[in-house]
Amino acid sequence: MTTRTAPPFRADHVGSFLRPRYLLEARDQAAKGEITREQLRAVEDRAITEVVKAQEAAGLQSITDGEFRRTYFHIDFLEQLGGVQTDIPVTVKKPDGTEELAPPVMRVIDKVRHVKDIQLADFKYLKSQTARTPKVTIPSPTMLHFRGGRAGISKAHYPELEPDFYDDVAKAYGEELKSLAAAGARYVQMDDTNLAYLCDEKMREAARSRGDDPNELPHRYAKFINRVVAQKPAGMTLAMHLCRGNFKSTWAATGGYEPVAEALLSEMHIDAYFLEYDDARSGDFRPLRFLPKGKFVVLGLVTTKLGQLERKDELKRRIDEAAKLVPLEQLCLSPQCGFSSTVHGNVIPHEAQWAKIRLVLETAKEVWG
């Protein structure tokens with residue numbers, strides 16, 4: 001078995017890392033008006049340079065900016081699309097004392113359009129800091145529909161969702177991908193919680209209450225995503241990461257991939273899938289039977305929610321188990337999610353995240369060579 005020289009890599013990662021304290025302090029200062037936006041960006045540049053070096057030192061081939069310029073993995077991007085209005089998420093305390101991020105509702109109040117190159121400047125800085133493969137992470141376009149459903153999309157501008165709404169969003173995403181490709185981006189990942197949420201019966205019931213059919217939605221979303229893929233520039237790898245929630249080490253949904261597997265893996269024309277498989281919440285590997293030749297699944301076997309390090313022999317056992325359904329050549333390994341999908345970060349030590357990255361790299365080398 002050979003190592004891969006193109007993404008996804010045998011040892012890969014989702015993208016976000018815990019923010020250093022000095023960056024969090026600078027963000028607070030900027031929010032209070034004590035430093036300018038330009039001064040904050042200089043601090044972000046410093047932190048990104050450091051996290052790039054840390055990724056390279058660990059041995060990663062795909063390099064991100066740690067999502068250090070973002071507050072939330074999705075809102076910072078979506079609110080810069082024309083026609084989109086987003087609410088700031090609210091942190092709520094659950095009965096057991098843990099905190100949960102109440103999902104914000106994305107509202108489409110006008111025609112959706114690409115009014116600026118959203119990630120371009122950030123990508124250019126990242127690319128200037130590494131000779132390896134820079135990866136850009138953006139939220140999935142399904143985020144504009146799932147949380148609010150039909151009620152969250154202006155009927156004045158979209159009396160019917162099909163085809164104009166889906167076409168407009170896909171066009172906006174296509175223009176963003178083209179701007180990134182022109183600057184040299186070859187690896188883009190779309191982060192999607194919605195398809196994973198559709199594996200959870202409570203979330204499926206919530207979709208029904210909004211007037212959607214949870215059995216039909218995965219197939220509709222596959223067609224939606226394919227409209228974006230159709231505009232993907234040549235030479236770009238487009239991956240998708242599925243997440244069941246990742247806020248301060250908590251999660252929002254549970255359930256195996258079976259309800260969405262065929263639409264996700266077979267109908268959707270994505271190149272690679274980062275799938276959470278760090279605990280029983282994600283179910284077994286049987287849904288992987290829908291993966292066709294030519295696509296990759298990056299097994300998220302290492303949790304980012306807890307600091308305890310997984311056993312390497314257990315990771316190998318689970319890779320072997322998955323390889324009974326998908327050829328080993330089509331599998332890779334990564335942590336199950338980012339370490340800091342929001343600015344708050346998961347409740348683990350900084351050193352623990354790097355120990356887990358090293359574990360992924362060591363395990364992948366022993367499995368794939």
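The values are calculated or read from the model by the stated rules, or taken from the named source; none is laboratory data. In this text, all values refer to a predicted model and were calculated from it rather than measured experimentally. Glycine gets a Cβ as well: all are built from the backbone with ideal geometry, and neighbour counts include every protein chain shown.
Would you point out the residue of the stretch 316-366, among those that are in contact with an Asp or Glu (Cβ under 8 Å, 6 or more places away or on another chain) and more than 22 Å from MET190 (Cβ to Cβ), that is surrounded by the most Cβ atoms within 10 Å (Cβ to Cβ)? Here the answer is LYS356. For the stretch 291-315, name all the residues that are closer than 12 Å to TYR277 by Cβ and touching a Leu at 6+ places or on another chain (Cβ under 8 Å). If the condition is that a residue be closer than 12 Å to TYR277 by Cβ and touching a Leu at 6+ places or on another chain (Cβ under 8 Å), then VAL297, VAL298, LEU299, GLY300, LEU301, VAL302, GLU310, LEU315 are the ones that fit. A residue that is touching a Cys at 6+ places or on another chain (Cβ under 9 Å), aliphatic (A, V, I, L, M) and crowded, with 17+ Cβ neighbours inside 10 Å can be found somewhere in the stretch 231-250. Candidates are the residues of the stretch 339-363 that are over 13 Å from GLY307 (Cα atoms), of a type outside the set (Ser, Thr, Tyr) and assigned to a loop (DSSP other than H, G, I, E, B); the one that is nearest to the chain's Cα centre (by Cα) is VAL343. Within the stretch 230-262, the set of residues being outside any loop (DSSP other than H, G, I, E, B) and either under 16 Å from the mean Cα position of the chain (by Cα) or among the hydroxyl-bearing types (Ser, Thr, Tyr) (or both) comprises THR237, LEU238, ALA239, MET240, HIS241, LEU242, PHE247, THR250.
Within the stretch 56-81, residues that are farther than 24 Å from ALA272 by Cβ have Cβ atoms under 7 Å from residues that are in a strand (DSSP E or B) and at pLDDT 95 or above in these pairs: LEU81/VAL112, counting only partners at least 6 apart in sequence or on another chain.
Of all residues in the stretch 36-74, which are closer than 16 Å to THR342 by Cα and among the basic types (Lys, Arg)? Correct list: ARG69, ARG70. State whether the residues of the stretch 189-205 include one that is out of contact with any Phe, Trp or Tyr (no Cβ under 9 Å at 6 or more places or on another chain), under 28 Å from LYS124 (Cβ atoms) and surrounded by fewer than 20 Cβ atoms within 10 Å (Cβ to Cβ). No, the conditions are met nowhere in the stretch 189-205.
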